[in-house]
Amino acid sequence: MFHHVKDLQFNARVSKPDPRFANLLLEQFGGENGELAAAMQYFTQAFGAKNPYPDKYDMLMDIATEELSHLEIVGATIQMLLKGVNGELKDAADQSEIMQVMNGKGAKESIIHEALTANPQFGIITGGGPTLRNSQGIPWCASYVNSNGDLTVDLRTNLASESRAKLVYEHLMKFTDDPYIHETLSFLMTREVTHYKMFEAALNSIESNFPPGVLQADPRFTQLAFNMSNGTSIRGPWNEGEIPGMGKDFIYVEDPISYVKETNGLTEQPENMDKELAAAEKMDKKMSQVKSEEVKSADPKGVAQWSDYSEN
């Protein structure tokens, strides 16, 4: 159940109209890294988390709801940046505040021209308001939403989503010198960082969270790091030394073609790994039971009911 509070979460302000920046800001309104995409992603992920991880369900719903608050902030900012371009243009242009900003009829016409140049939809389709499209006019699409049904996968997806959104706000700040807009974008950018750390903490609280899903990685291939490029081999912590958190070292394959031929297409390993394979199979069965019980144990018996109103 949602209850709309008319005051914004952050006091968004703008110094003057700027249709061109309003068009850029549409990326965070109807773009693939924007606030609506984030809200829908976390809402969608939350449903599958309700039974096995009710605490994570609560977190996802809280953050999803805050993302809708951010969508409202972005939309309000876009609307203010388009002040004087809407359907009440004539009346708005007669107000002293607008006249001071636009410096007369010539400046007013310049603002209108600027809006139409930045995005013709502002004046033709949306009446001078925000629309669920990105800065190039591409409509918002549900394919922006990633929900895989495994919470550890979803949380890793969310880390990437928050990282991308943070970067978009960082880039947007380069294209405006309005100090009020900088304040708003800085707030929104900072909340992306906060959400990142919340998702990171939630992921770390799930045991076990690696590898994603249920089945273990095949030990015959886990440690292999292939040199897939010609020229000087580049070594680093991604292909030498211990694999992070696994207690095993990478095995660097300098010549993948020869290695594949010698192992008959990787089907004949240099070392007998029957023991490792048996351990992986045992873990597969264990994790299958664990994951299954997580959901089954949380499923209510009898009539399914999402909320317990007596507790609430």
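The values are calculated or read from the model by the stated rules, or taken from the named source; none is laboratory data. Nothing here was measured: the structure is a model prediction, and the numbers come from that model. Glycine also receives a Cβ, built like all others from the backbone with ideal geometry; neighbour counts cover every protein chain displayed. These area figures cover heavy atoms from the full protein model, side chains too; ligands, DNA and RNA do not enter into them. Shrake-Rupley method; radii C 1.70, N 1.55, O 1.52, S 1.80 Å.
Summary of values
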| item | result |
| --- | --- |
| Which listed residue is open to solvent by less than 30 Å² (accessible area, probe 1.4 Å) and either assigned to a helix (DSSP H, G or I) or closer than 30 Å to Gln269 by Cα (or both), from Phe199, Phe221 | Phe199 |
| Qualifying positions in the stretch 4-28 - within 21 Å of the chain's Cα centre (by Cα) and open to solvent by 30 Å² or more (accessible area, probe 1.4 Å) | Gln9, Phe10, Leu24, Glu27 |
| Scan of the stretch 136-166 for residues that are under 25 Å from Leu82 (Cβ atoms) and either in a helix (DSSP H, G or I) or open to solvent by 30 Å² or more (accessible area, probe 1.4 Å) (or both), ordered by number | Gln136, Ile138, Pro139, Trp140, Cys141, Tyr144, Ala165 |
| Condition met for Glu192 (more than 13 Å from the chain's Cα centre (by Cα), over 30 Å from Leu266 (Cα atoms) and of a type outside the set (Phe, Trp, Tyr)) | no |
| Index of the failed condition, Ser229 passing every other in (1) of a type in the set (Gly, Ala, Ser); (2) part of a helix (DSSP H, G or I); (3) open to solvent by 60 Å² or more (accessible area, probe 1.4 Å) | (2) |
| Selected residue [surrounded by fewer than 22 Cβ atoms within 10 Å (Cβ to Cβ) and touching a residue at least 24 places away in the same chain (Cβ under 8 Å)] from Met1, Met61, Met80 | Met80 |
| Residues (within 15 Å of Asp284 (Cα to Cα), of a type outside the set (D, E, K, R) and touching a residue at least 24 places away in the same chain (Cβ under 8 Å)) located in the stretch 206-229 | Ser208, Asn209, Phe210, Pro212, Gly213, Val214, Leu215, Gln216, Ala217, Pro219 |
| Residue in the stretch 35-50 that is at pLDDT 95 or above, within 15 Å of Thr184 (Cα to Cα), assigned to a loop (DSSP other than H, G, I, E, B) and not hydroxyl-bearing (Ser, Thr, Tyr) present | no |
| Options Ala76, Ala115; residue that is assigned to a helix (DSSP H, G or I) and either over 30 Å from Thr190 (Cα atoms) or at pLDDT below 85 (or both) | Ala115 |
| Selection within the stretch 298-312 - without any contact (Cβ under 8 Å) to a residue 40 or more places away in the chain and open to solvent by 90 Å² or more (accessible area, probe 1.4 Å) | Lys301, Val303, Gln305, Tyr309, Ser310, Glu311, Asn312 |
| Leading residue by the ranking (most open to solvent (accessible area, probe 1.4 Å)) among those in the stretch 262-288 that are touching a helix residue (DSSP H, G or I) at 6+ places or on another chain (Cβ under 9 Å) and not acidic (Asp, Glu) | Pro270 |
| Any hit, the stretch 238-245, residues being assigned to a loop (DSSP other than H, G, I, E, B), among the polar types (S, T, N, Q) and touching a Phe, Trp or Tyr at 6+ places or on another chain (Cβ under 8 Å) | yes |
| Lone qualifier among Val214, Val303, Val290 - being among the β-branched types (Val, Ile, Thr), out of contact with any Leu (no Cβ under 9 Å at 6 or more places or on another chain) and part of a helix (DSSP H, G or I) | Val290 |
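Rundown of residues vs (1) modelled with pLDDT of 90 or more; (2) basic (Lys, Arg), yes/no style:
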position: Arg220; (1), (2): yes, yes
position: Ser229; (1), (2): yes, no
position: Gly241; (1), (2): yes, no
position: Asp249; (1), (2): yes, no
position: Glu254; (1), (2): yes, no
position: Val260; (1), (2): yes, no
position: Glu268; (1), (2): yes, no
position: Ala279; (1), (2): yes, no
position: Ser292; (1), (2): no, no
